[in-house]
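S.K.: Have a look at this one before I ask anything.
The values are calculated or read from the model by the stated rules, or taken from the named source; none is laboratory data. What you see is a predicted model, and the numbers here were worked out from it, not measured in a lab. No Cβ is skipped: glycine too gets one built from the backbone with ideal geometry, and neighbour counts run over all protein chains shown.
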Amino acid sequence: MVTNKKKIPVLRDRKAALLAFTPAFLTAAASASVPMEASLVLPVFGFLVMAVFFGLVFLWWQAETERQNLAVQLAGLTQEDQAPAVPLVLRPPVRAGSPTAVLRELALSAGAEPSVEIGAPPLALAQTVRFPEPSLLPSMRSSSTAEIGRMRLVTQAYEADRIELHLQPVVSLPHCKIRFYEALARLRLADGTLLGPAEFLPVLEASGRASDFDRRVLIRSMAIARHLVARGSEAIVGVNLTAHSIAEPGFLWSLAGLIDTSPDLLGKIVLEMPQHSWRHLDADLRAALAALRERGVPFSLDRAADLRFDPEALAEIGIRFMKLPADLMIKAAEQADGRYAGPELDVRDFASALRRQGIRLVAERVDADDMVPVLCDLGVPLAQGFAFAAPRPVKPEIAGEQAPPRPFGLDDAPTLLRRAG
């Protein structure tokens, strides 16, 4: 007698045959030695037949169980032979560097083949591998209690429409005459604190309110432009658009319909878009920009992270102003070849190369007086920054804003302001 994995005894070979013939032996022995009445022979014989039948069924069930267990074992061994275990390879931990480096390490961990060699320069990596904009990626860390409270205050202020517009002039060099204004949005909290875009825009983008925010700012900027036209001013107004709004399907098309409602302001509103958005235009965005360009809407490249650009390509998509950080251009001017990094043009040729394509160069974030002479030597025609003027608030009645709330019980107390911009 043997047992299977379930510890159930199984009769095999001669023992099974002995069990099958046991009733016959017992019947012969009983008939010879044990006197039985004729009425008991049939019941005893029937009982023995039933015992033999159920014994054979039991033997069949045990054999089937053992066969199935053996098949399972063989299948497991076959799968292990066909798929040998892959040795565990430990990768070095991802170091906290730039978002691009983190994405590259994660791609390599997932098994993606690198598209450039290990020793390739950073510029070649940036031109070959296209990673998503880090600001468009979702945050993977949990918010603290203070951050949640801050988000609640920002959301409440936005729902109460406490958006204010400040104007910062863009002046000509070297005479410092005002040529146009940039509308800078601020958000005032319930306690009077004034927040800049870097403090409240991430909250609005995370909650899906970025496009609605840009529409509100554009409508109020159009009211400011209408006020300037009524006063006889030729100054235009620049309006910043967020990367989230531009990437939203149908947003730029909706701006075309909004511009159509005010034909008297054609050419008076400049739409400013970040450099990353200009470099990643799909077919739909290009069509929407073409529709706006046909309506006479000028565009501006804003928030540049480097000095690489193609003047002819920028002119083809309708860019009429290009804003570059003043500190980057000054650092490039300090180099012998006039280049900050990479194969861009000599910084001394920026203004003339752009002017030939109908684009005017604007040096932004000019915050120190000693930067102005260097920019003049580079031939920069326009500049913007605290060295000329700080952003100043627009009267609520001009931009259609709500008057900021006054502190309760302190009619003459000053509002809590923080320099934002």
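S.K.: Considering only residues that are out of contact with any strand residue (DSSP E or B) (no Cβ under 8 Å at 6 or more places or on another chain), among the aliphatic types (A, V, I, L, M), under 23 Å from residue 167 (Cα atoms) and assigned to a helix (DSSP H, G or I), which ones fall in the range 249-276?
M.R.: Taking the range 249-276 first, the residues out of contact with any strand residue (DSSP E or B) (no Cβ under 8 Å at 6 or more places or on another chain) are 249-254, 256-258, 260-266, 276.
When the remaining residues are screened for being among the aliphatic types (A, V, I, L, M), the result is 252, 256, 258, 265-266.
Right, trim to under 23 Å from residue 167 (Cα atoms) and you get 258, 265-266.
If the condition is that a residue be out of contact with any strand residue (DSSP E or B) (no Cβ under 8 Å at 6 or more places or on another chain), among the aliphatic types (A, V, I, L, M), under 23 Å from residue 167 (Cα atoms) and assigned to a helix (DSSP H, G or I), then 258, 265 are the ones that fit.
S.K.: Criterion first (crowded, with 18+ Cβ neighbours inside 10 Å, closer than 23 Å to residue 238 by Cα and under 29 Å from the mean Cα position of the chain (by Cα)) does residue 350 satisfy it?
M.R.: So residue 350 does not fit the description; no.
S.K.: Further, regarding this structure: From the list 399, 368, exactly one residue is modelled with pLDDT of 85 or more and either closer than 23 Å to residue 182 by Cβ or not assigned by TED's automatic domain parsing to the domain that holds residue 320 (or both). Which is it? Break it down stepwise before answering.
M.R.: Working: 399 fails: modelled with pLDDT of 85 or more.
Sole residue among the options that is modelled with pLDDT of 85 or more and either closer than 23 Å to residue 182 by Cβ or not assigned by TED's automatic domain parsing to the domain that holds residue 320 (or both): 368.
S.K.: Do any helices (runs of 4 or more DSSP H) entirely within the range 168-247 hold 2 or more residues that are touching a strand residue (DSSP E or B) at 6+ places or on another chain (Cβ under 7 Å) and surrounded by 21 or more Cβ atoms within 10 Å (Cβ to Cβ), and if so, which?
M.R.: Passing ranges, in order: 210-230.
S.K.: Here is a list: 356, 360. Which entry is loosely packed, with under 14 Cβ neighbours inside 10 Å and in contact with a Pro (Cβ under 9 Å, 6 or more places away or on another chain)?
M.R.: Among 356, 360, only 356 is loosely packed, with under 14 Cβ neighbours inside 10 Å and in contact with a Pro (Cβ under 9 Å, 6 or more places away or on another chain).
S.K.: Shifting gears a bit: Give me a count of the residues in the range 373-395 that are part of a strand (DSSP E or B) and surrounded by 15 or more Cβ atoms within 10 Å (Cβ to Cβ).
M.R.: 3
S.K.: Return a yes/no flag: does the range 215-234 have any residue that is without any contact (Cβ under 8 Å) to a residue 12 or more places away in the chain and hydrophobic (A, V, I, L, M, F, W, C). I'd like the intermediate steps shown before the answer.
M.R.: Going through the range 215-234, the residues without any contact (Cβ under 8 Å) to a residue 12 or more places away in the chain turn out to be 230-234.
Now narrow it down to the ones that are hydrophobic (A, V, I, L, M, F, W, C): 230.
Within the range 215-234 (the criterion being without any contact (Cβ under 8 Å) to a residue 12 or more places away in the chain and hydrophobic (A, V, I, L, M, F, W, C)), the answer is yes, since at least one residue qualifies.
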